[in-house]
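A short write-up of the structure that comes next.
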Amino acid sequence: MSTPRHLLARLRSLMARGPAPLPEIARLVAAELVAEVCSIYAMRPGDMLELAATEGLRPEAVGRTRLRVGEGIVGLVAATAHPLNLPDAQNHPDFAYRPETGEEPYASMVAVPVRRAGRTLGVLAVQNRAPRLYETDEIEALETVAMLLVEPLAAAGASDGAEEGVGATLPRRFNGSVLVAGLAIGPAVLAGAHAPRRLLADDPATELARLAHAVEDMRRGLDEMITDRLPAGSKATPEARDVLEAYRLVAADPGWLRRVGEAIRGGLSAEAAVHRVAGELRDRMRRIVDPYLRERLADLEDMAGRLLAALNGDCEPDPVPKGAILLARRLGPAELLDWHGRGISGVVVAEASPAGHAAILARALGIPAIGGARGIMEAAEAGDEVILDAEDAQHAGPSGQVILRPEQEVKLFYQRAIQARSERRAGWAALRSLPSATRDGTRVRLMLNVGLALELAQLEATGAEGIGLFRTEIAMLARGAIAEVQEQAAVYGRVLDEAGERPVLFRTLDLGGDKLLPGSPAPEEENPAMGWRALRIGLDRPALLRRQLRALLLAAAGRPLSVMFPLVATVTEFCAARALLLAEAERVRPAPESLRIGTMLEVPALMWQLPELLRLADFISVGTNDLMQFLFAADRGSPALAGRYDVLSPAMLSLLAHLAEQAHEAGVPLSVCGEAVARPLEAITLAGLGISALSMPASGILPVKAALAAVDLPAFRELLTALRRTGAAESSLREPIAAWAREHDVPV
Ligand code: PEP
Ligand code: MG
């Protein structure tokens with residue numbers, strides 16, 4: 001057999017004058033691979049593969065032999081987008097016999113898909129009489145030929161179904177947790193994927209030199225990252241250093257770089273060779289179950305992405321198609337910000353829970369997002385159509401769905417849903433400037449949960465009355481480090497400027513748990529959510545907390561200031577934090593016009609310290625995300641527990657009713673924040689319990705306002721009181737509350 005390199009060299013000269021005719025390519029491939037048959041199938045409209053050229057099968061079959069996607073070996077390869085290597089193809093369960101081809105004598109077959117932007121454009125197949133398994137380098141050569149076939153196939157009229165909106169490969173569905181509610185349809189962009197611009201190269205020596213250069217650049221980049229992220233001489237961050245050092249070793253791993261070198265010597269350009277090896281890694285990952293190896297391969301794949309970026313040199317990143325949906329294995333906060341700037345309309349992360357960074361930031365940016373969609377990176381290609389269905393969160397708990405390459409009817413269904421959603425939104429827009437009140441005129445203040453300066457525009461857009469929760473850690477997470485006092489003060493100052501007369505409740509850093517800054521030591525904890533986090537860190541590292549408090553006071557610059565602390569478990573902790581703030585306030589001039597010091601209520605133990613707490617706190621904000629997880633001992637990030645316990649349970653409603661009563665008697669303002677508040681049914685119920693301030697993500701403000709405006713609060717209160725009496729043994733009162741809302745035309 002001649003070498004794959006020889007095949008590529010001949011193909012290159014054949015194609016030098018433009019797209020070569022398919023029969024010539026088939027003849028050349030058959031001759032070079034010493035195969036009796038080489039056939040090229042082209043995708044035709046209606047997901048039909050048609051024999052477009054053949055060397056070895058009967059010529060009269062060309063243009064006549066047709067297979068549906070999914071039918072026969074060729075159809076299967078098109079459907080799965082993966083090669084098949086079969087020593088005895090005719091006894092494969094999917095073999096479809098087509099008498100006009102005269103293919104009876106050929107036992108073995110290898111077929112590879114021809115793909116363009118995530119869609120199948122055709123299939124290239126080779127057959128031999130003798131039963132044999134084809135060698136890896138033969139399959140690789142065929143895959144390279146398949147890459148080169150894109151243009152000739154398109155020139156020969158092959159259609160990848162893009163214009164009909166039909167995916168040529170089979171649809172796939174993935175479940176995940178809803179990180180941010182919403183619906184989106186768009187083409188996939190894959191984080192870390194860079195398509196090679198040039199496939200073949202004349203001179204392997206030049207390509208090897210380019211590779212060596214790019215590897216050097218990439219290593220230098222990693223070294224800089226390690227030095228930048230970890231302060232020089234730092235002994236405090238051995239884990240982070242280990243991780244980055246391990247990453248650096250992977251970058252220098254001779255095994256995969258050797259594979260890239262071999263592919264270059266086989267006739268590929270450096271970027272095509274890296275692309276090829278990355279594809280192989282992805283294939284291997286699909287089969288590996290060992291988590292350590294998977295992680296290592298994931299690192300290697302990530303590295304391949306960096307290497308491609310380095311090879312593309314100073315080229316601008318490829319533009320993101322309009323409304324694209326980003327698919328990522330994992331996603332750092334800075335990366336997500338970068339993609340957001342490039343115009344994505346949704347995010348799917350294979351490994352992320354609702355409480356993780358990606359989730360927090362996506363929520364802050366208002367991008368619909370799903371996490372924990374395992375396996376999606378292995379199944380998707382750039383350009384695949386994606387439906388992101390994170391709509392369920394409004395109704396039945398956080399379970400979302402991602403559909404890759406949806407069927408036409410499914411896509412139509414979602415397009416209609418998106419249309420209906422935007423019409424509903426248009427209806428809500430009229431509510432923006434009206435005050436928020438129930439039908440009988442009871443005022444309920446609606447405020448925003450915010451974490452980034454860029455979200456402040458939502459104040460105007462939604463007509464929210466203020467910021468009920470400013471999560472100060474979000475900007476730090478996005479930045480990757482804790483900012484210095486002046487820099488923090490500038491951020492907080494901008495928030496106050498933007499809010500103007502509207503109140504802002506700043507929450508001090510809620511780091512720890514899963515909200516870790518890169519480079520900061522992560523203590524080994526079995527239950528990080530209940531571990532060394534939030535105010536606990538602040539009290540154990542008072543210098544850190546005091547710097548933040550100083551920044552807040554400086555930012556206020558004589559204006560009113562409200563500060564609250566996260567994860568307070570005892571009144572003593574609250575007093576200690578309050579004392580730090582008061583001490584800082586003594587030193588900062590000008591003093592704020594007023595200083596209100598409050599607490600989050602997220603730990604159930606505070607419920608049994610209410611009299612003391614209400615004497616000391618200027619206000620209380622209930623964080624239902626954490627309160628639910630601690631009240632029911634149910635990890636808020638666990639997809640397996642999602643939806644199992646309900647905010648509308650008698651237990652939670654009793655707690656909130658009691659708290660509202662006590663706070664009211666003590667004259668201490670009470671608000672509730674947390675994701676649940678953004679759902680109209682939950683929001684009207686909280687109002688029914690006597691809670692008159694709700695703080696939520698921007699997406700909730702107008703729908704909640706619309707629901708409140710339709711509720712007759714005295715009547716609804718009666719229902720709630722009765723339900724809490726009769727349904728005390730139920731695990732949730734959601735159904736009867738929802739039934740009442742429906743009967744009374746409350747849009748929930
Ligand atoms: C909460 O726990 O409800 C809350 C608002 O805080 P976070 O989601 O930031 O933990
Ligand atoms: Mg919390």
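The values are calculated or read from the model by the stated rules, or taken from the named source; none is laboratory data. Because the structure is predicted, anything quoted here is derived from the model rather than measured. Virtual Cβ from ideal backbone geometry, glycine too; neighbours counted across all protein chains shown. What goes into the accessible areas is simple: the full protein's heavy atoms, side chains included, and nothing from ligands, DNA or RNA. Shrake-Rupley method; radii C 1.70, N 1.55, O 1.52, S 1.80 Å.
Could you tell me the accessible area of residue 440 in Å² (1.4 Å probe, neighbours in place), rounded to the nearest ten?
Here the residue's solvent-accessible area equals roughly 70 Å².
How would you order 559-566, 83-90, 36-43, 401-408 from highest to lowest mean count of nearby Cβ atoms within 10 Å?
Final packing ranking: 36-43, 559-566, 401-408, 83-90.
What does the convex hull of the alpha-carbon atoms of the range 670-748 project to on average, in nm²?
Directional mean of the projected Cα hull area for the range 670-748 stands at 5.0 nm².
To the nearest 0.05, what FRET efficiency results for residue 612 and residue 68 with a Förster distance of 60 Å applied to their C-beta separation?
The calculated FRET efficiency here is 0.25.
Nearest-5 percent of antiparallel DSSP beta bridges in the chain?
Of all bridge pairs located within the chain, approximately 60 percent are antiparallel.
When ranked by the protection proxy of mean other Cβ atoms within 10 Å per residue, highest first, what sequence do the peptides 92-101, 178-187 form?
Result, highest mean first: 178-187, 92-101.
Per residue of the range 593-609, what does 6.51 cos²θ - 1.76 cosθ + 1.60 with θ = phi - 60° give for ³J(HN,Hα)? Whole Hz please, x for Gly and Pro, Karplus curve as stated.
Residue by residue, the range 593-609 yields 4, 8, 10, 10, 10, x, 9, 6, 10, 10, 10, x, 3, 4, 5, 9, 10 Hz.
If I model a spin label as a point 7 Å beyond the Cα along the Cα-Cβ vector, how far apart are those points for residue 591 and residue 710 in nm?
5.0 nm
Rounded to the nearest percent, how much of the accessible area of the chain (1.4 Å probe, protein heavy atoms only) is carbon and sulfur?
On the way: 16890 of 31380 Å².
Of all accessible area on the chain, carbon and sulfur atoms account for 54 percent.
So what is the accessible area of the chain per residue, in Å², with the probe set to 1.4 Å?
42 Å²
Scale the Cα Rg of the chain by the rule-of-thumb value 2.2 N^0.38 Å and send over the ratio, two decimals.
Normalised Cα radius of gyration, the chain: 1.11.
What is the gain in length, in nm to one decimal, between residue 658 and residue 439 on full extension, counting 0.36 nm per residue of separation less the C-alpha to C-alpha distance?
Values: separation 219, 0.36 × 219 = 78.84 nm, distance 2.45 nm.
That pair, residue 658 and residue 439, stretches by 76.4 nm at full extension.
Percent relative contact order of the chain, based on C-alpha pairs within less than 8 angstrom and at least six residues apart? The partial results should precede the final answer.
Numbers: 1445 pairs, mean separation 78.5, N = 748.
The value is 10 percent.
Taking the Cα centre as origin and putting +1 on Lys and Arg beta-carbons and -1 on Asp and Glu beta-carbons, what dipole magnitude results for the chain, to the nearest 20 debye?
It works out to roughly 1000 debye.
Give the whole-number value, in cubic angstrom per residue, of the convex hull volume spanned by the C-alpha atoms of the range 4-155.
97 Å³
Just to compare against my own numbers: the Cα pair-distance distribution for the range 362-481, 10 Å bins, whole % per bin, please.
Bin by bin from 0 Å, the calculated values are 10, 28, 34, 22, 6, 0.
Report the gain in length on full extension from residue 524 to residue 58: 0.36 nm times residue separation, minus Cα-Cα distance, nm rounded to one decimal.
Here the segment from residue 524 to residue 58 would lengthen by 161.0 nm.
Spelling out what I want: for every residue of the range 94-110, take phi, set θ = phi - 60°, compute 6.51 cos²θ - 1.76 cosθ + 1.60 (Karplus), and round to whole Hz; glycine and proline get x.
9, 4, 10, 7, 10, x, 5, 7, x, 9, 3, x, 9, 7, 9, 7, 10
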